[in-house]
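Working notes for the structure below.
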Amino acid sequence: MDILPILSTLRRHKTTAFLVIAEIALTCAIVCNAVFIINQRIDRINMESGVDEQHLLHIALTNIGVTKDDKARRAEDLAALQQVPGVVSVASVNQVPFGNSSSNGSIKLDPKQRLATANATDYFGENVTQTLGTQLIAGRELKPDDYMDMDQVVTAAAAKDAKGIPHVTVITQNLAQRLWPGQSALGKQIYMSDYAFTVVGVVKELIRPSIWDDSAKSYTMVLPVRVANNEYIVRVDDPKNRERVLKAAVAKLKEINPHRIVLKQHLLSNMREDFFQNDRAMAGLLLGVCVALLVVTALGIVGLGSFWVAQRRRQIGVRRALGATRSNILRYFQTENFLLATIGIAVGMVLAYGINLLLMVHYELPRLPAIYFPVGALLLWTIGQLAVLGPAMRAAAVPPVVATRSV
Amino acid sequence: MRYNLMLAWHGLKRFPRSTVLAVVTVAMGLAATMTTLALLHQLTADPLPGRSSHLYLAWVDTVRAKPTQNQSLNGITVDQRHRIKLRDAEELLHDHRATWQAPMASVFTQFKSDGDKPRKGSDYLLATTSEFLPMLGVSLRSGRSWTPAEDQAHAPVVVIDSEMAVSLYGTTDVLGREFHLGHGVFRIIGVSAPFAPQPHFYDLASFTFGNLRRDQAFVPLRSLLDAGVDLAGDDGCDVDSPKPKTLFTSDPMYCASVSYWVDLPDRAKASDFLAYLQRYLDNQQALVGAGHARPAQLTRVDAWLSQQNVVPDNVRLNAWLAGSFLLLCMANVAGLLAARFLRRSAEIGIRRALGAPQRAIFQQHVFEAAMICLLGGFLALPLTLFGLWTLRLQDSGFTDLATLDPAMFGALFALAFAVGIITGWLPAWRASRIEPGLQVKSA
């Protein structure tokens, strides 16, 4: 295919050619970045939690009025929940994954250190890792005799009595890597407000209940503290039974102590959905924008293509009369579109890169992976070719006899 | 010019299909842009028009602690300290150097009404002193606010807002009734109108946007502390502060836990006040002998809001995205316009040959472009309202602010017009350059 005649034609239609190139360049730049952001969101939505979401329930209650003897009540609740058919395991906890409210602590590796090394969340509650279903990859789980009661810990902390404070912890692999890169965390010590904790176990993953910073999403410790906050996680034997077990469990809890209100009762999988609601909405919105962009661009190419064909009817007739085949004409318009798209894509890539740099500075997005460039180019070439096909076919259908008319 | 307008109007009706395509494209771009801009406009709006320009957050760093107290969140050190110790607040209140001044802290707590079967609730209350209500212009429906003397006397009084009164007591006629808070019993002396500036600028630490959350009652700070209710959070405590009762509470006398806002009528008064704050701080340091304290700060509402970056990043990002979408729609419409203008080359040639200047041709076509975009603006109005409605359906805490106010309504059409002129410029210029002779010959 001879490109030179096309170039010389385009030179005579600078305005319209410029507009097509501008359209393709803008689409390329925006769609590349938008798809990149969508992928980031999808990655976030599919974030690994490290817990057995399909088997877990969350129930939180609050007492009406002041209650005494929280510990006895907790024991009573746990025993009763354990009796509910379908329940495998129960834990009284301080927080749950995707719960959006968390207890956090600053970790130091040396008590004399000025700034904390990391900020991590802390899960409390006997049996919490076993109930959540986290995967232990080194060391051991927390044992019953590691545990202490929350009120005793608080009293001990107020009296600065280190004996009354637990001295072991289980942490996540991610936190271990952050604290001691490339080393085993087992047996190492961390410090929180001057108290030392020895790492006895490492779990593969356990997500924080609220995530401000994705890179720290699983900086998590489990501390051997028993809590009686009226907040429970329940593990069921079969995901199919979840709804039924939740109802039965809540009914049971109300039966034991009617003087309390149920604040929350969720399937953990639903909590996950709610947790990422904004990400999902944002991804949906961006996807809508991308589709709209591509449609608008395609329509623009169709519009300008039709105009060119209409304007060049006579020239096409002349070419056909001089022996050009239909496919020659078709190729001509296809090549023309390909050329314009290529220039547009080249400009668009530079723009896309620039926008990405801006986003990196202002919105802490990572760098656009190189794969987006060839894929984006392919997509736009395809759309360009599809959009120009209609007008080009119409051009190819122009009969040679047009050349003899209207002169 | 009227003739050109008329020609433009006729031109519009000539190719209805491409007109509709152009109008719809522009409308989509405009609607997307206006939806995001309207939300951004609401989120960046002045929280208290007329008052926020003379409200300042005063801060003195008197916490006697090693700099290690600065929290580090995974390696990123953010100095977000903006609260002061109650002890300093009392000194500043006593000096009374500003027109109005009040320490404050939003507290999420449980409360209940009086009677045999009390209704319970838990929500945000604002612990503050007597001057808060006049300073921020909280209007009272009935009753009164409390006095500085009642502040001093730790009087257990409370001003609740009308909605809370209805939900807790079933009526707004609640003056003199009892309100249980912590282990204290407070007497209701005033009922205020619901007060929900957007954002909740005077205490961003508790919440920022949202009509669902507001401070539902105003309580004297000292009486609230007497009732055993703790303030939420602090920006560091003195090293020698007494041991807390529990692990999670702190004593506001020794811990920086209240925001101190002052009302200063003009810049001169503001710089005087800052000088006074710095003197206050210097005197403190002489007493304490602790080094490295940061200078006193006085931050106006607008500076405070931009410093705290209250507008969610997503909202800005969406506005940029919508803006670039509009740009693309403009490029597309410019292409459509160029095609339709050039299709009329022969007529333009004849008009030129008959003596129409280039300027007239240009004007005619820019008008036509502007008309298309104004039509797009009309179509964009319902689309924008629809977009805002879908935004309101999302629950992100701030999206209930997504509404179109008159200013943005005007902005929509101004934008549509501007888009029309800009979009039409290149195609109209191209049309006006058509050589008369060539076209007449071939026609």
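Does B:Thr25 satisfy the criteria of being in the same structural domain as B:Ala105 (by TED's automatic domain parsing) and either in a helix (DSSP H, G or I) or open to solvent by less than 30 Å² (accessible area, probe 1.4 Å) (or both)?
Answer is no for this residue.
For the condition closer than 16 Å to A:Ala118 by Cβ, over 26 Å from the mean Cα position of the chain (by Cα), modelled with pLDDT of 90 or more and not basic (Lys, Arg), what is the one hit in A:Leu179, A:Leu246, A:Leu223?
After applying the criteria, what remains is A:Leu223.
So if I check each of A:Gln334, A:Gln315, which one is open to solvent by 30 Å² or more (accessible area, probe 1.4 Å) and within 14 Å of chain B (Cβ to nearest Cβ)?
A:Gln315
So, in segment B:309-326, of the ones that are over 30 Å from B:Gln80 (Cβ atoms) and facing another protein chain (nearest Cβ under 7 Å), which residue ends up least open to solvent (accessible area, probe 1.4 Å)?
Pass one, segment B:309-326, residues over 30 Å from B:Gln80 (Cβ atoms): B:322-326.
After this cut, where a residue has to be facing another protein chain (nearest Cβ under 7 Å) as well, the list is B:324-325.
Values: B:Ser324: 28, B:Phe325: 11 Å².
Across segment B:309-326, the extreme among qualifying residues is B:Phe325.
Across segment A:176-201, what is the total count of residues that are within 13 Å of chain B (Cβ to nearest Cβ) and among the aromatic types (Phe, Trp, Tyr)?
Of the residues in that region, 2 qualify.
Residues to consider are B:Gly236, B:Gly228, B:Gly210, B:Gly182; find the one that is at pLDDT below 85 and buried (at least 20 other Cβ atoms within 10 Å of the Cβ).
After ruling out the rest, the residue left standing is B:Gly236.
So which residues in segment A:136-150 are exposed (fewer than 15 other Cβ atoms within 10 Å of the Cβ) and not hydrophobic (A, V, I, L, M, F, W, C)?
A:Arg140, A:Lys143, A:Pro144, A:Asp145
So which residues in segment A:262-312 are within 8 Å of another protein chain (Cβ to nearest Cβ), within 15 Å of A:Leu386 (Cβ to Cβ) and of a type in the set (Gly, Ala, Ser), if there are any at all?
Answer for segment A:262-312, where residues must be within 8 Å of another protein chain (Cβ to nearest Cβ), within 15 Å of A:Leu386 (Cβ to Cβ) and of a type in the set (Gly, Ala, Ser): A:Gly300, A:Gly303, A:Ser306.
Identify, from the list A:Lys204, A:Lys254, the residue that is open to solvent by 70 Å² or more (accessible area, probe 1.4 Å), more than 14 Å from chain B (Cβ to nearest Cβ) and modelled with pLDDT of 90 or more.
From the options A:Lys204, A:Lys254, the qualifying one is A:Lys204.
Every residue in segment B:116-144 that is within 14 Å of chain A (Cβ to nearest Cβ) and of a type in the set (Lys, Arg), please.
B:Lys117, B:Arg119, B:Lys120 - these are the residues of segment B:116-144 that are within 14 Å of chain A (Cβ to nearest Cβ) and of a type in the set (Lys, Arg).
Inspect all residues belonging to segment A:163-173 and state whether any of them is over 18 Å from A:Val222 (Cβ atoms) and part of a helix (DSSP H, G or I).
Scanning segment A:163-173, I find at least one residue that is over 18 Å from A:Val222 (Cβ atoms) and part of a helix (DSSP H, G or I), so the answer is yes.
Say we look at segment B:327-346 and pick out the residues that are closer than 18 Å to B:Met371 by Cβ and more than 7 Å from every other protein chain (Cβ to nearest Cβ); which of these is most open to solvent (accessible area, probe 1.4 Å)?
Taking segment B:327-346 and keeping what is closer than 18 Å to B:Met371 by Cβ, we get B:329-330, B:332-341, B:343-344.
Narrowing the set further to residues that are more than 7 Å from every other protein chain (Cβ to nearest Cβ) leaves B:330, B:333, B:337, B:340-341, B:344.
On the way: B:Met330: 31, B:Val333: 1, B:Leu337: 2, B:Arg340: 10, B:Phe341: 1, B:Arg344: 6 Å².
My answer is B:Met330.
Can you find a residue in segment B:187-202 that is surrounded by fewer than 19 Cβ atoms within 10 Å (Cβ to Cβ), basic (Lys, Arg) and not in a strand (DSSP E or B)?
no
For segment A:347-395, name all the residues that are in contact (Cβ under 8 Å) with a residue 12 or more places away in the chain, within 30 Å of A:Ile316 (Cβ to Cβ) and among the polar types (S, T, N, Q).
Scanning segment A:347-395 gives a single hit, A:Gln385.
Does segment B:415-425 include one or more residues that are modelled with pLDDT of 85 or more, open to solvent by less than 30 Å² (accessible area, probe 1.4 Å) and within 14 Å of chain A (Cβ to nearest Cβ)?
Yes, the conditions are met somewhere in segment B:415-425.
Whether any residue in segment B:387-403 is in the same structural domain as B:Leu21 (by TED's automatic domain parsing), within 26 Å of A:Lys14 (Cα to Cα) and out of contact with any strand residue (DSSP E or B) (no Cβ under 9 Å at 6 or more places or on another chain) is what I want to check.
There is no residue in segment B:387-403 that is in the same structural domain as B:Leu21 (by TED's automatic domain parsing), within 26 Å of A:Lys14 (Cα to Cα) and out of contact with any strand residue (DSSP E or B) (no Cβ under 9 Å at 6 or more places or on another chain).
Got at least one residue in segment A:57-72 being within 14 Å of another protein chain (Cβ to nearest Cβ), open to solvent by less than 20 Å² (accessible area, probe 1.4 Å) and at negative phi?
Taking every residue of segment A:57-72 in turn, at least one turns out to be within 14 Å of another protein chain (Cβ to nearest Cβ), open to solvent by less than 20 Å² (accessible area, probe 1.4 Å) and at negative phi.
Going through segment A:52-98 one residue at a time, which ones are of a type in the set (S, T, N, Q) and at pLDDT 90 or above?
Those that are of a type in the set (S, T, N, Q) and at pLDDT 90 or above: A:Gln54, A:Gln82, A:Gln83, A:Ser89, A:Ser92, A:Asn94, A:Gln95.
Being touching a helix residue (DSSP H, G or I) at 6+ places or on another chain (Cβ under 7 Å), closer than 22 Å to A:Gln189 by Cα and of a type in the set (S, T, N, Q) narrows it down to one of A:Thr121, A:Thr117, A:Thr169, so name that one.
A:Thr117
Let me spell it out: the conditions are (1) under 26 Å from A:Ile261 (Cβ atoms); (2) more than 14 Å from chain B (Cβ to nearest Cβ), and A:Gln54 meets all of them except one. Which number is the exception?
(1)
Which condition from (1) in the same structural domain as A:Asp151 (by TED's automatic domain parsing); (2) of a type in the set (D, E, K, R); (3) under 30 Å from A:Glu364 (Cα atoms) is the one that A:Arg41 breaks?
Tallying (1) in the same structural domain as A:Asp151 (by TED's automatic domain parsing); (2) of a type in the set (D, E, K, R); (3) under 30 Å from A:Glu364 (Cα atoms), A:Arg41 fails exactly one: (1).
Would you say A:Leu268 is touching a strand residue (DSSP E or B) at 6+ places or on another chain (Cβ under 9 Å) and buried (at least 21 other Cβ atoms within 10 Å of the Cβ)?
Taking the combined requirement at face value, the residue satisfies it.
How many residues are open to solvent by 30 Å² or more (accessible area, probe 1.4 Å) and in a strand (DSSP E or B) if we restrict to segment B:101-155?
11
The values are calculated or read from the model by the stated rules, or taken from the named source; none is laboratory data. Since we're looking at a predicted model, the values are computed, not measured. Every residue, glycine among them, receives a Cβ derived from its backbone with ideal geometry; neighbour counts consider all protein chains shown. Only protein heavy atoms, including side chains, enter the accessible area calculation; ligands, DNA and RNA are left aside. Shrake-Rupley method; radii C 1.70, N 1.55, O 1.52, S 1.80 Å.
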